[in-house]
Amino acid sequence: MKTSVAILVVLAFAGLAFAAPEKQYTNKFDNVNVDDVLGNGRILNNYLKCLMEKGPCTAEGRELKRLLPDALESECSKCTEVQRRNSNKVINYLRANKPGEWKLLLDKYDSKGIYRAKYESQSKKGH
């Protein structure tokens, strides 16, 4: 479930905007350098503001908000392998460097703690 929770952010950072008609989200943006996005405070904060409805969204940000519930519910089953790896990178970064924003995202997108509980359980098992 770690991947599922992380997808809420990685979809934005990877530029994942459109679900492909097949079973996976598009890989069109899998080559985006997530490290560059995480290292650019302005871009990162703009995505976070979009997700929290505190600022304007790009087209990708709007699509992210539309796809996010499906990604969480499906445990990232439509994610490519690159998206899963990037998800881990993003979640680790946010937890370590932006814990306040991470908590706000969890509170907004997982208000009942369903995915958070699964994430914490798997995190303790080393997944």
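Looking only at the stretch 58-70, which residues are open to solvent by less than 60 Å² (accessible area, probe 1.4 Å), within 22 Å of Asn31 (Cβ to Cβ) and either touching a strand residue (DSSP E or B) at 6+ places or on another chain (Cβ under 8 Å) or of a type in the set (Ser, Thr, Tyr) (or both)? Across the stretch 58-70, the qualifying residue is only Leu67. Taking each residue of the stretch 41-53 that is open to solvent by 40 Å² or more (accessible area, probe 1.4 Å) and looking for partners that are in a helix (DSSP H, G or I) and polar (S, T, N, Q) with beta-carbon atoms closer than 7 Å, six or more apart or interchain, yields nothing. Within the set Leu38, Leu48, Leu64, Leu44, the sole residue that is at pLDDT below 90 and on the phi < 0 side of the Ramachandran plot turns out to be Leu64.
The values are calculated or read from the model by the stated rules, or taken from the named source; none is laboratory data. Given the structure is predicted, the values throughout are model-derived calculations rather than measurements. Methodologically, a virtual Cβ is constructed for each residue, glycine included, from the backbone with ideal geometry; neighbour enumeration extends over all protein chains shown. Just the protein is used for accessible areas: all its heavy atoms, side chains included, with ligands, DNA and RNA removed. Shrake-Rupley method; radii C 1.70, N 1.55, O 1.52, S 1.80 Å.
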